Each structure stands twice: as structure tokens, then as C-alpha cells.
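Working notes, structure below.
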Amino acid sequence: MQRRQFIKGIAALAASYHLPLYANNPHYPVIIIGAGLSGLNAALQCQQAGIDYLLLEAAKDVGGRIKTLSHLPGKPEVGGLQIGTGYGYTRYLIDQLGLTLQPPMQFERGQALIIDKQLLSVDQWPSHNRNKLHASEKNLHPGRLLSHYLEQHPALDLANWSHVDNAKYDIPLRQYLQQHGASKQAIQLIEHNFNGLSIAEHSTLQLVRNQQSRKLSAPGFSLVKGGNQTLPQAMNKALKTPALTEQQITEIDSQANGYRIKCNNGNQFSCQQLIVTVPFAALRNIAINSTISKQKRHAIDTLNYTPISQVLLKPSQPFWLDDGLPASHWSNSLVERVFALKDNKGQIVNLLCWINGKNALAIDQLDESQCAKLILAEMAMIRPASQGKLQYLARHSWANNPLQGGAYAYFKAGQVHNLRATLGHSEGNVHFAGEHTQPELPGMEAALVSAMHAVDKVKQTLT
């Protein structure tokens, strides 16, 4: 379908409706819970199939875990970032909606290292006295250590990676690293900057699967021009019945002709079929009074989400010129990674501090002033030239957001085989979508494609 025809068709459908369905029809063929990428695409798919729907969102805005801080210089992304070269459906949808992709030009190249509070260049690291790595590890950038060891794993049949035959690989990452001879310092460095809660619990099998899958894709990624959040906004605009926001659901009840949805503002809606796209960490806060299998309830209760907190700092002066190193850094300090972001003139306008796991949970316990004081003090200690030259702008936490519960889903060791088969499985006329239901696909692509699968199930049931 050509983009012009796609948009024209959506506009024609929208023009044929003068009132949203929820204004005059309290019972719907389909209610979609959550207006992130998955929920929005489920609504688009229903619309194109001629299926009436209601899309409910608890937050004030659509987008879920796609979030662009458009009010800050450089428009930093604190949510879904990468639109990889292999994101076929995502790229198709972006084109059909009339949006444009651009390379990630806002990231300043280069990176300093800070190891045990010692500031050094990447070139100094292999021979530096802080480097206690084994001989086979010494020349590796600390951020490459995990990939180095995952690449030593036998090749998986990626189409059947979660099969029970691979259960022997579903062990804690720490155990895997020890089995493969990783040095004590390598394990410590991997743990400190790990994109998860802890290497003591994270499934090696999932990490290997992700690593081997990335190897099959062309390198590089893009962003949506104007900010990634323009994608969910454009999707919502293309709907004849846009998302009904600020509808925080508290209860899902079975009834004779389907399901009744109750919200904390007193609103109630009923439907024949449900598509649930919210993260399981948020779904745990909704009372589900419906027939749900033990396996699904177990998955909802136990699927894990990565704590990530990001802090934005604004440099008043280019302190990196004083210490002669790049503005960005990789460290084993509290401020784990810093990404220098540029504006459209190529000037560094802010620093995005990326903090994972236990460190993220620790700063999430602080109020805004305490967080600002701690981060600025830490930066002054590990990067002395920055003292007095940084302004605290904002903080964003995914784990602290009750509508998300974390940045993205992951498996603990031993969970892959039992949970994987359950995540996207329908329970009666309750269907599930979201990136967590399609772990074979990455990020945004998983969210969008999962919605198509869920709507296909709706079509089969309605036929």
C-alpha cells in the first residue's frame, strides 16, 4: 500500500465518525488496554479490519516506553531509542505515517574511561595499572567484556532457542562467566554496567540468544526525526477513535457477554474481547477476576523488568577540554555511563547519565534535590574538571513508574522454557501483546508485531 493511499484511507475513516464510540456505545467488540506502540498498532489493525474498538490509556499521553524530552536541548530520548536496520515493520509504518528517519547524529563520538575513580583514555587502559584483567581480556574495552564471553557460546537454533533442550544454558550469567574463565575484575566490570538487575540472576540463554540475533542484523540504527515520540503521536492521530487517556484500570471482571473494565475514576466499559498490552509489572496492579491459567498468572507475577534511571545534566562550560578527554564516559562509578548529546548545530548541549540495576533502584529512593546533590557530587569526584560546571536538569525512572515497572522485560535463570511459551498465549478472549510477548524480536519491532498477532486472534474469534 502506498503511503498516500494509507493516510487517505485513515482520514476517510476518521471523517465518517463524529463522536467517539465511547460516547454512545458502552459495549465494544474489542477493548485495548495500553496505548504504547503495541496498543496503538492493535487499534490501527482493528480499524483497518473494520472492527470497532476502544483504546484505554492510564497516562496523560500515549507512547508507553517511547519518551522524548522535547522541552530539553537536544531532545534526549529516555525511552525506546534504536530503530535498527532490521526493524522492517517499524520502518514501513514510519514511512506510511509520513515520518522521516535520521541517523543518531546527536551522540558525540568518543568516550573516556573511569575505573576505580581513575580518569583515563581508552588507549591508556590496556597497559594501565588499574587493568587487572587476564591477558586475553586486557586489550578489550570494559564495555566489550560481556560480548567477548557471550560470543564463545555454541550457536543456537534461534527459531527454537527457548526449547527445553537448551535448558542447560539457562543458568545465571555469573556462573557462565566463571565457567568460561572470566577474571574477577572482568566479572566486576560486567556486573557494574549490566543492563539488568544482577548477573547473579539473569538468564545466560536469553543474553546469548540476543547476541547471536544481533550478529545476523546489519549494524547501525536510526531515530525518528523530531523525536521518537512523534511515532506514537502520529499513530494516535491516525485513529478514528484516538486513545482515551487518564483511564487507570483497577479491575477486569468476567461477565456473561465478555468482560467489564473498571477504572479508578469510576468509569466502566464492557467488551466481547480484550487485548492487554501493558507490561506485566503494571498488570500485577490490576485485579483480574477472570479465568486465567496458573501458568499465565505465574508469568504475570514473576516476569522481571530492568530498572533504568536517567539523569540529564547541562554543562555551562566544556569541562572536557580541560581534562583533554571526550565528554562521554564509561565507568564503574555510580554514574555508570554518560552520553554527550549535541544539538542540530553540533554543539554538546547536555549529558545523559545512564544508570542501571541496583544503582538505579538506589537513586530512585531519593527525592529530586537529594538526587541532584548526589549526582553532581559524584561527577565532581570522578571528573574533577566538571566541578561547578554542571546543572542538574531532570531525572527519569522507569522502575519508579507504576504504569511500567521497568524499562523492558527479561528472564531470570531457569525461567526461559516455562515462561516463554506462556507470555503471548491467549486466555479465552483475553489476548496479550507487547514487547514482552515477542522476545524473538527486538524492542519496538516486537511491540508492533505482537499487536498484529493479537488482532489476528481477535479476527479468528469474531469470524
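What follows is calculated from the coordinates using simple rules that are stated; it is not laboratory data. Here the structure is a predicted model, which means the values were calculated and not measured. Quick reminder, even Gly has a Cβ in these numbers, built from the backbone with ideal geometry, and neighbours come from all protein chains shown.
Brief remarks on what is shown
- DSSP-defined beta bridges in the chain - what % are antiparallel, rounded to 5: 70 percent
- Cβ-to-Cβ counts within 10 Å put Lys457, Lys345 in ascending order as Lys345, Lys457, the fewest first.
- Span per principal axis, largest first, for the Cα atoms of the range 234-370 (Å): 71, 37, 27
- Placing +1 on the Cβ of every Lys and Arg and -1 on the Cβ of every Asp and Glu, with nothing else charged, gives the chain a dipole about its Cα centre of roughly 440 debye.
- For the range 132-215, the convex hull drawn through the C-alpha positions has a volume of 93 cubic angstrom per residue.
- Tail weight of P(r) past 23 Å, computed on alpha-carbon pairs of the range 194-309, percent: 56 percent
- Net length gained if the chain between Leu216 and Met105 were fully extended (0.36 nm per residue, minus Cα distance): 37.5 nm
- Where labels lie 7 Å past Cα in the beta-carbon direction, separation of Asp367 and Arg130 in nm: 3.4 nm
- Each Lys or Arg adds one and each Asp or Glu subtracts one; over the other residues with Cβ under 14 Å from the Cβ of Tyr87, this totals -2.
- Listed values for the range 356-367 are Karplus-derived 3J(HN,Hα) couplings in whole Hz (6.51 cos²θ - 1.76 cosθ + 1.60, θ = phi - 60°), namely 10, x, 5, 5, 5, 5, 5, 6, 5, 7, 8, 7, and x replaces Gly and Pro.
- Charge dipole magnitude, Cβ of K and R +1, D and E -1 - the range 132-215, Cα centre, debye nearest 20: 300 debye
- Extension gain (nm, one decimal) between Asp116 and Ala200, 0.36 nm per residue minus Cα-Cα: 28.1 nm
- Of the residues Ile199, Ile33, Ile51, the one with the fewest other Cβ atoms within 10 Å heads the list, and the complete ranking is Ile51, Ile199, Ile33.
- Rounded if a/c under 1.5, otherwise prolate or oblate - the range 63-185, Cα gyration tensor axes: oblate
- The range 424-463: Cα Rg divided by the 2.2 N^0.38 Å rule of thumb: 1.14
- Each of Gln48 and Asn139 was given a label point 7 Å from its Cα along the Cα-to-Cβ line. The distance between the two points is 4.9 nm.
- Taking 0.36 nm per residue of separation and subtracting the Cα-Cα distance, full extension of the segment from Leu158 to Asp456 would add 104.9 nm.
- Taking each DSSP H run with n ≥ 4 as -39500 (n - 2.57) and averaging over every residue of the chain yields -9000 deg cm²/dmol at 222 nm.
- Distant-in-sequence amide H partners of Phe432 (H built 1.01 Å from N, under 5 Å): Val276
- Divide the volume of the convex hull around the Cα atoms of the chain by the residue count and you get 151 Å³ per residue.
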